[in-house]
1. Out of curiosity, is Leu141 exposed (fewer than 15 other Cβ atoms within 10 Å of the Cβ) and either assigned to a loop (DSSP other than H, G, I, E, B) or outside the structural domain of Ala178 (by TED's automatic domain parsing) (or both)?
2. Let me spell it out: the conditions are (1) within 30 Å of Glu189 (Cα to Cα); (2) at pLDDT 90 or above, and Tyr54 meets all of them except one. Which number is the exception?
3. Could you look through region 15-50, keep only residues that are of a type in the set (Val, Ile, Thr) and within 11 Å of the chain's Cα centre (by Cα), and pick out the one that is nearest to Lys179 (Cα to Cα)?
4. Give the residues of region 54-70 that are within 15 Å of Ile11 (Cα to Cα) and exposed (fewer than 12 other Cβ atoms within 10 Å of the Cβ), sorted by residue number.
5. So which of Ser19, Ser37 is within 30 Å of Asp156 (Cβ to Cβ) and free of Cβ contacts under 8 Å to residues at least 12 places away in the same chain?
6. In the set Ile24, Ile42, which member is among the hydrophobic types (A, V, I, L, M, F, W, C), more than 27 Å from Ile154 (Cα to Cα) and surrounded by fewer than 17 Cβ atoms within 10 Å (Cβ to Cβ)?
7. Only one of (1) within 30 Å of Ser155 (Cβ to Cβ); (2) part of a helix (DSSP H, G or I) is not met by Ile3, so which one is it?
8. Right, Tyr177: on the phi < 0 side of the Ramachandran plot, outside the structural domain of Asp35 (by TED's automatic domain parsing) and in a helix (DSSP H, G or I) or not?
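The values are calculated or read from the model by the stated rules, or taken from the named source; none is laboratory data. Predicted, not measured: the structure shown is a model, and the values here were computed from it. Because the Cβ atoms are built from the backbone with ideal geometry, glycine has one as well, and the counts that use them run over all protein chains shown.
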Amino acid sequence: MEILGNVLLAIVSICTFFSYFPQIVKCLKTKKGEDLSVWSWILWVVSSLAYTLYAILCTGTFMLIFETSMELLFCVIILTCAIVFRNKKSDKGKEKMKVVTICGSMRFEKEMIAISRELEMKDFCVLQCVYGFEKLNEEELAKLARLHYKKIDISDAIYVVNVGGYIGESVKKEIDYAKAHGKEIIYHEN
């Protein structure tokens, strides 16, 4: 019977690992905790702590202690992520300002300038790259492209100016880059 109990606890441990670990990886990768309920995870931590103490004090069974300790550790990590990666409030009680990079075709230069102004009036920190239609050489274009991707790196989101639904090849690459780096994508038009 003891062997069966250990096998069952091993199955529980494996299931616990594969149920919590992806959530931990997602939290650490995206650094977002808004969608996690702090109160729910506090209850999970308290429940796991009580179960771990029961395993230690009342059973002394190694596999049960291992499983409950692992669950407790995972719950504490996720709770910590939920708290640390939440949008922080500033000293004045306002939410953290979201940094966005404007992405769009230069054919929408005027629209991008107007949208940047509107977003800034809504307390967004806007990084834009509207350079007009002046002639730039290949080296200058390459430099500006590298700088634009750096802007995406330091942003929380990109704001895609897709007037009439138009998204050019460069902007498609910027969207893919932003998605690959866990950035929020905001479209001007649906």
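1. Working: exposed (fewer than 15 other Cβ atoms within 10 Å of the Cβ): yes; either assigned to a loop (DSSP other than H, G, I, E, B) or outside the structural domain of Ala178 (by TED's automatic domain parsing) (or both): no.
No; evaluated as a whole, the condition is false for this residue.
2. The single condition Tyr54 does not satisfy is (1).
3. Our first condition is that a residue be of a type in the set (Val, Ile, Thr); within region 15-50, this holds for 16, 24-25, 30, 38, 42, 45-46.
In the following step, the residues that additionally are within 11 Å of the chain's Cα centre (by Cα) were identified as 25, 30.
Numbers: Val25: 16, Thr30: 11 Å.
So the residue we want is Thr30.
4. Hit for region 54-70 is Phe62, nothing else.
5. Details: Ser37 fails: free of Cβ contacts under 8 Å to residues at least 12 places away in the same chain.
Among Ser19, Ser37, only Ser19 is within 30 Å of Asp156 (Cβ to Cβ) and free of Cβ contacts under 8 Å to residues at least 12 places away in the same chain.
6. Working: Ile24 fails: more than 27 Å from Ile154 (Cα to Cα).
After applying the criteria, what remains is Ile42.
7. Among (1) within 30 Å of Ser155 (Cβ to Cβ); (2) part of a helix (DSSP H, G or I), Ile3 violates only (1).
8. Values: on the phi < 0 side of the Ramachandran plot: yes; outside the structural domain of Asp35 (by TED's automatic domain parsing): yes; in a helix (DSSP H, G or I): yes.
Yes: the conditions hold for Tyr177.
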